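Asker: Below: one structure in C-alpha cells.
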Amino acid sequence: MVILNHRNASGVLDEDQPCPRKVKMIDKTDYAKTAQKAANDGMETFLNWGKAAIDNTFSMYEQGIAAQESNIAEARKQFQELESNLTQKWNNQKQQFKSMAMELSEAYWPESKQLMEKAEKLYQDNINQVVSKNREMLESNIDRSIESTLNIEKEWVSQLRENYTHGAEKLRKQFDTLMSQAAKEAAKK
C-alpha cells in the first residue's frame, strides 16, 4: 500500500498531511505472475485435453475394429447355419426324388437300382468333393483377406496412436522444460 499526499482546499499540495483516502497501486509483478499462471493453467488444460482426446478417439476406433471382427464372426455363423439348413433341405428333396425314381425304375427295370447307386457314388466321389473343396477354399480366402485387412487396420491404428501419443508427450516435455526455465529465471529476480 502506498499512501499518497493530498491537496488542501486551496489546491496546494500538502506534503505534511497524509491523504485521507488510501489508494492501492497495482503491483505489476503480481499481475505478471497471475497472467503467467493463467497461461500455464490454460496450457496444462490444453495438454491434458489433447491427451484425453487422443485416447478417446483411438479407443473408439479400436472398438469399431473389434465390432467389425464380432460382426464378421456373427455373419459367418449365420451363413453357416443358413447353408446347413439349405443343404439339409436339398438333401431331403434329393432323397425324396431318388426314392421315387428308384421305385419307378425298379418297377420297369430291376437293374436300374445298381446303376443309380453307381451314378450316385460317382457323383459323391467326384463332383460333391470338388464343390465342397472349392467352397472351403473360397471361405478360407475370404476369411484370410478380411483378417489381413483388419490386422493391417489394427497395426495402422496402433502406429498412429503411438505417433500422436509420442507427439503429445514431446509437447508436455517442452512445456515442462519451459516452466522449469521460467521458474529458475523468476527465482533469480
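Asker: When the label point is put 7 Å from the Cα of residue 36 along its Cα-to-beta-carbon vector, which residues of region 170-188 have a backbone N closer than 17 Å?
Answerer: 175-188
Asker: Convert each backbone phi in region 129-142 into a coupling constant with the Karplus relation 6.51 cos²θ - 1.76 cosθ + 1.60 (shift: θ = phi - 60°), then list the ³J(HN,Hα) values in order as whole Hz, x for Gly and Pro.
Answerer: With coefficients 6.51, -1.76 and 1.60, one gets 5, 4, 4, 5, 5, 4, 5, 4, 5, 5, 4, 5, 5, 4 Hz.
Asker: How large is the translational diffusion coefficient of region 33-84 in µm² per second when you combine the Kirkwood radius over alpha carbon pairs with Stokes-Einstein at 25 °C and 0.890 mPa s? Could you put the intermediate results ahead of the total?
Answerer: Working: Rh = 14.4 Å.
Using the Kirkwood radius from Cα pairs, D works out to 170 µm²/s.
Asker: For region 97-113, just list the computed ³J(HN,Hα) in residue order, Karplus coefficients 6.51, -1.76 and 1.60, θ = phi - 60°, integers in Hz, with x standing in for Gly and Pro.
Answerer: Rounded to whole hertz, the list is 5, 4, 5, 5, 5, 5, 4, 5, 5, 5, 5, 9, 8, x, 6, 5, 4.
Asker: Mind jotting down a quarter of the surface of the convex hull over the alpha carbons of region 55-167, in square nanometres, one decimal?
Answerer: On the way: hull surface 33.9 nm².
Mean projected area for region 55-167: 8.5 nm², to one decimal.
Asker: For each pair in 77/118; 51/173; 37/188, compute the distance between the two Cα atoms and list the pairs where it is over 24 Å.
Answerer: On the way: 77/118 35 Å; 51/173 13 Å; 37/188 18 Å.
Too far apart for the 24 Å limit: 77/118.
FYI, it's all coordinate maths here, none of it is from the lab. Worth saying up front: this structure is predicted, and the values here are computed from it rather than measured. Cβ atoms come from the backbone with ideal geometry, glycine included; neighbour counts cover every protein chain shown.
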